[in-house]
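Asker: Here's a structure for you.
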Amino acid sequence: MNEKRVVFSGIQPSGDFTLGNYLGAVQNWVRDQAEKINYFCIVDLHTLTVPQDPVQLRERTRSLAAILLAAGIDPDKCTLFIQSHVTAHAEASWLLNCITPLGWLYRMTQFKDKSQKQESVLTGLLDYPVLMAGDIILYDAHEVPVGDDQKQHVELARDIAQRFNHLYEQPFFVVPEPFIPKVGARVMGLDNPSNKMSKSFAHIRGHAVGLLDDPKEIMRSFKRAKTDSGNDIIFSDEPEKAGVNNLLGIYRSITQKTKEAVEADFADARGYGDLKVRVGELVIETFAPIKARYESIMADPAELDKLLARGADQARQVAQPKLDQMKEIMGLVLPR
Ligand code: AQP
């Protein structure tokens, strides 16, 4: 058993990387990467659960890898890889399907949500939490840092790990825990603060802020951000203050200040217009160096491929033996 805690985190190349992905996930991954054993996985197989353009998916996958490196993921401190490069993930998913009751999957709120938005719902959309469970438990991960939208899926991964351990009467899988950031757990859409900011809605004007967006476009989105008819710049649970809360939350998540300190920073603000511009400027400033590093990483595709191949090799060395043991426990004959 490792002394250091093991962390598994995944991100889908399903659209343009957003401020929500950065504040809810990647910012924290970068900050904590030296303390633990980290697996950061670009979960391309998950992205196939809704129809994708193959050319675009390939581009987005490589671009996301470059974004993660540019944001500060250090391949010398952690393992960064593409999920489909490590075939153990897809195999583990099948094995776990065969011990997971269907009812557990129908209860997933993200499935209910996403399936309503699809004309034809693919089996993978229902089943993807099982693939995700395999992603996590193949590495005996203790922690899964996620935004709170993914908490239910990590809880399902726990249930699946426990069920396997119970069925085969041995503590084979570590039972993982969700790790939700205290700040930035849910960045909301700027156009509608009752909806989570999502990559797949990034095409809707003013909804999301993309890391690679032009600064002028970012500022436009902030200036258009939905607020209320008041003028109090304070944190509040009142539903009509959701827009202001979201803007203050973004500011707080980047600066890592207390709520009181954030409110004090805006004590001299001249209304919501000022709030929007100041938060927009901070986001632009935060993204600028990441974007510059991204451009230089993308300019050397051979080096990027080399890093991803190295990451996949490291991941395979852990995932493949675990999968083989899993097969043996389940009664499959391993090839000799
Ligand atoms: N709005 C958000 N606020 C906080 N955290 C967020 N995350 C995503 N959106 C927000 C966190 O980002 C990580 C990677 O997410 P993902 O790509 O695997 O899937 P997702 O949660 O479904 O992200 P999106 O952007 O909403 O993608 P689509 O539109 O494809 O569904 C996760 O840790 C997630 O919590």
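Asker: Across the range 186-195, which residue is nearest to PHE222 (Cα to Cα) among those that are surrounded by 20 or more Cβ atoms within 10 Å (Cβ to Cβ) and touching a residue at least 24 places away in the same chain (Cβ under 8 Å)?
Answerer: LEU190
Asker: Separate question: Write out, first by first residue and then by second, each pair whose Cβ atoms fall under 8 Å of each other, whose residues are 6+ apart or on separate chains, and whose first residue, in the range 134-153, is in the same structural domain as LEU95 (by TED's automatic domain parsing) and among the aromatic types (Phe, Trp, Tyr) while the second is outside any helix (DSSP H, G or I) and surrounded by fewer than 23 Cβ atoms within 10 Å (Cβ to Cβ).
Answerer: Pairs that qualify, where the first residue is in the same structural domain as LEU95 (by TED's automatic domain parsing) and among the aromatic types (Phe, Trp, Tyr) and the partner is outside any helix (DSSP H, G or I) and surrounded by fewer than 23 Cβ atoms within 10 Å (Cβ to Cβ), are TYR139/VAL6.
Asker: So, one more: ILE11 versus (1) within 14 Å of the chain's Cα centre (by Cα); (2) away from the ligand (no atom under 16 Å from the Cβ): which is the lone unmet condition?
Answerer: Answer for ILE11: the failing condition is (2).
Asker: Do we find that PHE222 is aromatic (Phe, Trp, Tyr), within 20 Å of SER194 (Cα to Cα) and outside any loop (DSSP other than H, G, I, E, B) in this structure?
Answerer: So PHE222 passes the test.
Asker: A further question follows. Name every residue in the range 51-80 that is within 17 Å of the chain's Cα centre (by Cα) and either farther than 18 Å from GLN27 by Cα or β-branched (Val, Ile, Thr) (or both), in order of residue number.
Answerer: Scanning the range 51-80 gives LEU57, ARG60, THR61, ARG62, ILE67, ILE73, THR79.
Asker: Something else now. Of the residues in the range 195-223, how many are under 29 Å from ASP53 (Cα atoms) and either more than 10 Å from the ligand (Cβ to nearest atom) or touching an Asp or Glu at 6+ places or on another chain (Cβ under 7 Å) (or both)?
Answerer: 20
Asker: Now, a different point. Please specify each residue of the range 128-149 satisfying the condition of being within 13 Å of the ligand (Cβ to nearest atom) and hydrophobic (A, V, I, L, M, F, W, C).
Answerer: Within the range 128-149, LEU131, MET132, ILE136, VAL144, VAL146 meet the criteria.
Residues are listed down the side, and each one gets a yes or a no for (1) of a type outside the set (Ser, Thr, Tyr); (2) out of contact with any helix residue (DSSP H, G or I) (no Cβ under 8 Å at 6 or more places or on another chain):
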position	(1), (2)
TYR128	no, no
ILE136	yes, no
ALA141	yes, yes
LYS151	yes, yes
ALA157	yes, no
GLN162	yes, yes
ASN165	yes, yes
TYR168	no, no
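The values are calculated or read from the model by the stated rules, or taken from the named source; none is laboratory data. No experiment lies behind these values; they were computed from the predicted model shown. Here the Cβ is made from the backbone with ideal geometry for all residues, glycine too, and neighbour counts use every protein chain on show.
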